[in-house]
Every structure is written in C-alpha cells, then in structure tokens.
Amino acid sequence: MTEEVRTEFHQLMDEVRADLVQMGGMVAEGISAVTAALLAGDIGGADQIITADDELDLLSIETEEKCVRLLALQQPVAVDLRTILTDLRMISEIERSGDLVTNIAKAVARLHGVELEPRVRGLIDRMRQQAVKLTAMAMDAYAEQDAGLASVLNDMDDVLDDLHNEYIVSVFASHELGKISIQHAVQLAVVGRFYERIGDHAVNVAERVEFLVTGELPEHLGANRARARREQDEM
Amino acid sequence: MTPEEAVMTQESDASMPDVAQSGVSGPGVSESGAVVDGMTSPGPRIDVSGAAMGHTRADTQTVFRCDDIHVYYTDFLALRDVSLDIAAHEVTAFIGPSGCGKTTFLRCFNRMNDLIEGARVEGSINYHGVELYQDEVDPVEVRRRVGMVFQKPNPFPKSIYDNIAYGPRLAGAKRSELDDIVERSLTRAALWDEVRDRLKTSAYGLSGGQQQRLCIARAIAVQPDVVLMDEPCSALDPIATGRIEELIAELKTEYTILIVTHNMQQAARISDMTAFFSVQANEMGQRTGELVEYAPTSLIFTNPEDPRTEAYITGRVG
C-alpha cells in the first residue's frame, strides 16, 4: 500500500521535471532551426533563434529557483535529493547547450554569402542529426529515469566526434582548394565545435541521470588515476 | 497507561531507594550508582564492566552485538528477528513509523523491558562480551552502565544539585566528591553556566530544554558507558533541540549513544548509523516490528538499499 504523504513537495518536483523536459525540447528544436538558418544563410531566422534563447534563460532561472525552494523547505533525501541535485546540474547543461545554439546562430551572419561545398553542408546536417538525437535521448533517459538508456550516450557521442573530425578536415580541404577564405574556414571550424560540444552536454546529462537512478557518481578515468596516485602517496 | 508511560512512572516514582537496597556495589562500581533504579536486586554476580572503562576511541569496537532479538508482550510479538551491532562512540539512530518496535528495541539495551509486566526478550544481546539477558547479570548494574534519557524531561522533585548528586550518592560517592561530580556533569551537559548560581533551587524551575539537559547530566553523572535516548527532543522547541543535538555530538566522544527519534532530519543530522524499522500486520491484524535496513546514516539518506526505507524517508508511504 503506497500512500503519498508529501503531495505538494512531489508535485513541485514533477513541475521541475516538466520544466527540464521542456528546456531539453527547446534546445533540440533550436539545433534543427539554427542548422536550417545556417544552411540557408537566413540571418532573420538566426536572429529569431538568438532572441528565443532568452526564453530558455528565463525558464532555467525559474526552474533553479524552484530547486532552491525545494532544498530549503522540503529537506529532500534519498531519490528526492538525488533528483534535485541532478535537476540543478541539468539546468546548467541544457542552458549551456542553448547558448551553443545561439553561438551557431551568430555565426550565420558572419558566414553570409559563403558558398558551402555539398560535402561540408552534408556533414553539418549529419552533425545536426546526431546533436538532436543525443539531446533527445538524454532527455528521454531523464524523463523515464532510464539508467540503461543513459549509459549508451557516451559511446554514441563517438559518432558525433568522428563526424566533427571529418568535418574539420573537409572545411580545411575546402580552404586549400581556394573555395573559402581562412577567416571563413576558422569560422566554420568553430561552428563544428559548437555541435560537438552540444553532444558533450548531452553526455553530461546522461551521466547525471545514471547518478539519479543508481546513486553512483560517474566514474572518470582521470579521477581514478588521481585517486590511485593519492592512495599511493598515503602509503 | 502505555508501557512507555509505565516505565517513565516507575522511574520517576522510584522515590529514592535506600543506598542499602540499591544493590550497587562490587568491583569497579563503588564510585557510582544507578539512576534508573527502583528495584532491589540480588547484587551483581557477573561483572558487566567489560571494556566499559577507559573510553578510548576505537572505531572497530563493538559495544552491543544483537542476534535474532524477538520481543513479546505476553503473547504478542512486538518485534521480530533483529540482528545488528552497535559500535562504540557512535550515535546510532532508530527510526520508523509508530508501532515499529524502535522504542521496544531501545529498552532491550538496559533491560528496561524487565520492568514491563509480561515483556519477554528472546535472542542474544551481547554487551562487551557478556550476555545481557542471563540470570546472573544484575539489571541494576546494567542500567548504571547503560543510562537512559526519556521523551519528557523527568527531573526528580529536588534541587538541581540533588538531581545530579542522587546517583553518585547512592553509589557511595563521598560528600567531598559530589561538588566536582555535579559541576563536571552539568558542564558536560552544557548546562553549568546557566545554573551554577542556583544549584540549590528546584529543578522544576528550569525550562523544558534545561530540564532535558539536566536529565542528560544526571544520566552521565554515574559515568555510564552507553546513553539511551528515547525521543529526547520531541517535547522541545527548535533552539533547545539544537542544543541537545550539539550536546549529543560532543557526548559521543565519551559515550556510545543510541537514540530513538521520530524526526528523520534529526537522525540525519546527529547519527553515524541509522536503523530503519517497519511494521507488518499478520492475518490476525497483529502488528509486528522488524528491522528493514541498518547502514551508515549518510547512505540511508542519500541512497538507501531497501525500497521500503526509500518510501518511508521520502514520505511516499503513510
């Protein structure tokens, strides 16, 4: 027999979860929209995306305020505590991904009039696809509290990393063939980096979801090495 | 009258038994006597002092080892099959819903259940290597080593000084030593500065929080090894509660503390280990308590293993 004795508390937690899922959705849509603007050289569309990021910022602040209130007033423990800690970390990850979308939007004007080679265009679109997929999967894992789904994100991110490398090679090949200037080549390289970073933020979200579900903090190779060194020093 | 009240009444109605009757004598105990008393006893035949003296910090030292504890009130099984170890110089909290047996379990540790008609403890509680429930063990001596602080502050109707001096006097402490014992005990209980100028006035003139610290001072005046606390803050305001919690943190350097609390956040704040008890009804509707999970407090409140613990501490079960 399960009876809820902290209804209001858990309702507010559900609200936070809904906010986060909405923020994740805004980022995923933003990635597609900004890619369309980039490939079409649509400066007006890019400006709209930059403006829309304010909404994401506002929502992230409101959500964080809810988390602070939950921590201060409800003394969450166990899965509730892990959820709110996860929520707080996720707000930053998603908000940062939104900023990266904005950065891509800002590059649209700087790249205005630049003729992109079909190969480069194709790679941008595939990076878009992967970034959206990773973001959506991370949010699904969160919404469903699915540690299994979350655990595959890191490996999946390799696809985006490979695309990114391939893209950088293509951009500079394009420059060497004299099709784009060095300034534009650098600009394009930075844009590729923004997609790649969005994937990293999705991986971070997924790691936090694993913590939420299992209580285990993500294991990092570097941290393990440092721990081993510390233990050796103590001996 | 609930068994709990019965015990409290017995204790405060103890009406100062004669020193001669207290049965507190024998090797290593002459300096102090039992506060929680009221029964005559045949005198200790088995020394329960064990490793109690010295109070050295040893993380691995086990004070109590409980195996398969069952507690009955006549035919009614109140608590089922509890096994756990209590480590020295730690605060161990017992939490759980009403009727889960946590207070019943606490009372096992100083044989307080002996005082309840029909109560029976089965299983083994080993205290520093001595089987607590064997006939040869003197329950009065046990209660001197394992003191108790109750939910409602229950000072004796005497002066502040005499409240503290009562136990040591019983044990034959010299008049010249009493002043020191009183000051030391009140200081340890963080009450000395507040009462030093009115030691001869009635303990009833103190606030609720002060009375509770007086009861803690009284419990430690006989130099116990363990202090049991049964919801010691439930009748206190948040400031008084905070003082008691600070005190508990300090006292654990010298004593082992077991505390029952309904306030889970209090358990989280003050304890090293937490035992979560739950209650299960059988087909006859009889409700029996059981131990669900026993783990470091930091683990219980961040990532408990048992879903029943999780449900209880997050408020998802009534």
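Numbers below:
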read-out: Flag if B:G242 is surrounded by 24 or more Cβ atoms within 10 Å (Cβ to Cβ), away from chain A (no Cβ under 14 Å) and not polar (S, T, N, Q); value: no
read-out: Matching option when the condition is more than 14 Å from chain B (Cβ to nearest Cβ), in a helix (DSSP H, G or I), among the charged types (D, E, K, R) and without any contact (Cβ under 8 Å) to a residue 12 or more places away in the chain, among A:E65, A:E93; value: A:E65
read-out: So B:Y255, is it within 14 Å of chain A (Cβ to nearest Cβ), of a type in the set (S, T, Y) and in contact (Cβ under 8 Å) with a residue 12 or more places away in the chain; value: no
read-out: Selection status of B:A189, more than 14 Å from every other protein chain (Cβ to nearest Cβ), out of contact with any helix residue (DSSP H, G or I) (no Cβ under 8 Å at 6 or more places or on another chain) and within 20 Å of B:E90 (Cα to Cα); value: no
read-out: Selection within segment A:15-52 - under 21 Å from the mean Cα position of the chain (by Cα) and either within 14 Å of chain B (Cβ to nearest Cβ) or β-branched (V, I, T) (or both); value: A:V16, A:V21, A:V27, A:I31, A:V34, A:T35, A:I49, A:I50, A:T51
read-out: Filter result for A:I31 (of a type in the set (A, V, I, L, M, F, W, C), in a helix (DSSP H, G or I) and surrounded by 23 or more Cβ atoms within 10 Å (Cβ to Cβ)); value: yes
read-out: Selected residue (only one of B:V146, B:V182, B:V195, B:V140 is within 18 Å of the chain's Cα centre (by Cα), more than 22 Å from B:E231 (Cα to Cα), of a type in the set (A, V, I, L, M) and buried (at least 17 other Cβ atoms within 10 Å of the Cβ)); value: B:V140
read-out: Selection from segment B:161-208 of residues that are in a helix (DSSP H, G or I) and of a type in the set (V, I, T); value: B:I164, B:I181, B:V182, B:T187, B:V195
read-out: Filter result (surrounded by fewer than 21 Cβ atoms within 10 Å (Cβ to Cβ), away from every other protein chain (no Cβ under 14 Å) and of a type in the set (D, E, K, R)) within segment A:68-90; value: A:R69, A:R89
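Every number here is computed from the coordinates shown, using simple stated rules; none is lab data. Treat the numbers as computed from the prediction; the structure is a model and nothing was measured. Neighbour counts are summed over all protein chains in view; Cβ atoms, including those assigned to glycine, are modelled from backbone coordinates with ideal geometry.
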